[in-house]
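Values quoted throughout were computed directly from the atomic coordinates according to the rules given, and no laboratory measurement underlies them. In this text the structure is predicted, and so the values were computed from the model without any measurement. We place every Cβ from the backbone using ideal geometry, glycine too, and count neighbours over all the protein chains shown.
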Amino acid sequence: MSGHHPHEGAGRTTSPYAARIRAIEALLLEKGVLTEPEVQDGIAYMEARSPANGAKLVARAWVDRKFKALLLSDAKTAASELGLDPEHPAEFVVVENTPEVHNLIVCTLCSCYPRAILGRPPDWYKSFNYRSRAVREPRAVMREFGFEPPEGVEVIVHDSTADVRYMVLPMRPPGTEGMDEEELAGLVTRDSLVGVDVPRL
Amino acid sequence: MTFEPGAWVRVLSSEKPGHVRTPGYLKGKAGWIETLIGEFPNPEELAYGFSGIPKRPLYKVGFLQADLWDDYEGPAEDHLYADVYEHWLQPVEGGTT
């Protein structure tokens with residue numbers, strides 16, 4: 001194998017899983033199932049996606065009521081309107097935080113995540129610790145991220161067990177009335193799109 | 001569609017081996033049908049190279065956290081949604097929200 005892949009970072013070659021994946025990749029290339037450019041395209045696809053895409057969707061929803069309604073009813077179409085490419089076999093659904101309800105996303109079975117929009121999930125999202133505790137003690141998990149839902153707020157956990165990928169539409173923080181869409185997008189963190197935290201000024 | 005929104009259902013306690021999309025902590029638990037999400041190829045077959053056809057109805061099912069965990073910390077309203085295939089659900093007699 002060529003050994004100059006941009007996704008090959010220090011330390012990766014020591015993991016048995018990494019070694020296995022490299023072996024499978026080498027076989028697929030050797031047998032002509034995949035070509036080197038296809039592998040690079042796949043990596044480029046993932047790297048082109050990031051939480052900044054989610055932040056764009058949220059900021060637009062904060063300033064445009066009609067867009068917000070579309071995002072909550074048909075998130076794939078809403079994403080397309082902003083030039084994002086939500087094409088992926090899975091459904092994409094956005095759930096709204098309100099003064100009464102706070103949403104938290106998890107995938108207890110594996111690591112389902114709206115990758116077509118947000119890219120790869122953070123490592124903690126895939127950890128056994130998060131996956132087991134987010135359903136059982138979501139409030140304790142959020143406290144560890146530095147967020148405690150205010151008194152009277154209901155917590156709803158979404159376990160993405162099947163064909164739907166979920167993203168949270170957080171509430172616009174108070175004191176941001178004068179901010180434009182781009183500034184607002186800058187407040188939207190990846191953690192707030194999963195629901196373990198909220199955007200802050 | 002077999003189940004209408006608001007209907008109470010119970011998740012089967014099946015120990016079916018292999019690739020299933022019903023997490024263990026929901027098995028045997030009762031909840032309500034929130035909505036029908038749609039119909040999708042059966043992941044339990046797709047995982048082994050089969051077509052997954054006929055497609056199976058997939059529901060968003062709600063569960064009260066207090067019904068899932070004896071020691072749940074939080075208000076009684078806190079709940080959880082999971083996406084569960086119809087063949088994992090059975091009706092709860094007389095149950096409705």
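Inter-label distance, A:Glu96 to B:Ala30: 3.2 nm, where each label sits 7 Å from its Cα along the C-beta direction. Annotation: cysteines of chain A without a disulfide-compatible partner (Cβ-Cβ under 4.7 angstrom) are A:Cys110.
Sum up the charges of everything whose Cβ sits under 13 Å from the Cβ of B:Thr2, counting Lys and Arg as +1 and Asp and Glu as -1, but leave B:Thr2 out. Could you put the intermediate results ahead of the total?
On the way: positive: B:Arg56; negative: B:Glu4, B:Glu39, B:Glu86.
After counting each charged neighbour, the total is -2.
The distance separating the Cα centre of the stretch A:170-186 from that of the stretch B:64-79 comes to 33 Å.
The distance between label points at B:Glu39 and B:Asp67 comes to 2.7 nm (points 7 Å beyond Cα on the Cα→Cβ vector). Taking the Cα of B:Ile53, stepping 7 Å toward and past its beta carbon, and measuring to each backbone N in the stretch B:1-41: which are under 12 Å? In the stretch B:1-41, the label zone of B:Ile53 (backbone N under 12 Å from the point 7 Å along Cα→Cβ) covers B:41. Excluding residues on the same chain fewer than 8 positions from B:Lys29, give the lysines whose Cα lies under 26 Å from its Cα. Partners found: A:Lys126, B:Lys16, B:Lys55, B:Lys60.
Can you give the mean number of other chain Cβ atoms that lie within 10 Å of the Cβ atoms in peptide B:67-79? Mind showing how you got there, number by number?
Working: counts 0, 3, 3, 0, 2, 4, 5, 7, 7, 1, 7, 9, 4.
Rounded to a whole number, the mean comes out at 4.
In this simple spin-label model, placing a label point 7 Å from the Cα along the Cα-to-Cβ direction at both B:Ala76 and A:Thr176 gives a separation of 3.5 nm. Using the Karplus relation 6.51 cos²θ - 1.76 cosθ + 1.60 with θ = phi - 60°, the per-residue 3J(HN,Hα) values for the stretch A:150-157 come to x, 3, x, 8, 7, 9, 10, 9 Hz, with x marking Gly and Pro. With a Förster radius of 22 Å applied to the C-beta separation of B:Gln90 and B:Leu46, the computed FRET efficiency comes to 0.40. Secondary structure note: in the protein assembly as shown, about 55% of the DSSP beta bridges are antiparallel. Using only Cα atoms, what Kirkwood radius does the protein assembly as shown have, in angstroms? Here the Kirkwood hydrodynamic radius works out to 20.9 Å.
Karplus-based coupling profile of the stretch B:8-24, in residue order and whole Hz: 8, 9, 10, 7, 4, 8, 4, 9, 3, x, x, 7, 10, 9, 10, x, x, with θ = phi - 60° in 6.51 cos²θ - 1.76 cosθ + 1.60 and x standing for Gly or Pro.
Neighbouring Cβ atoms from other chains, within 10 Å of the Cβ of residues in A:120-130, number 0 on average.
The H on the amide N of A:Ser50, modeled in the peptide plane, is under 5 Å from the matching H of A:Gly119, each at least 5 residues off or on a different chain. When you work out D = kT/(6 pi eta Rh) for the stretch B:7-96 at 4 °C and 1.567 mPa s, using the Kirkwood radius from C-alpha pairs as Rh and the Stokes-Einstein form, the result is 93 µm²/s.
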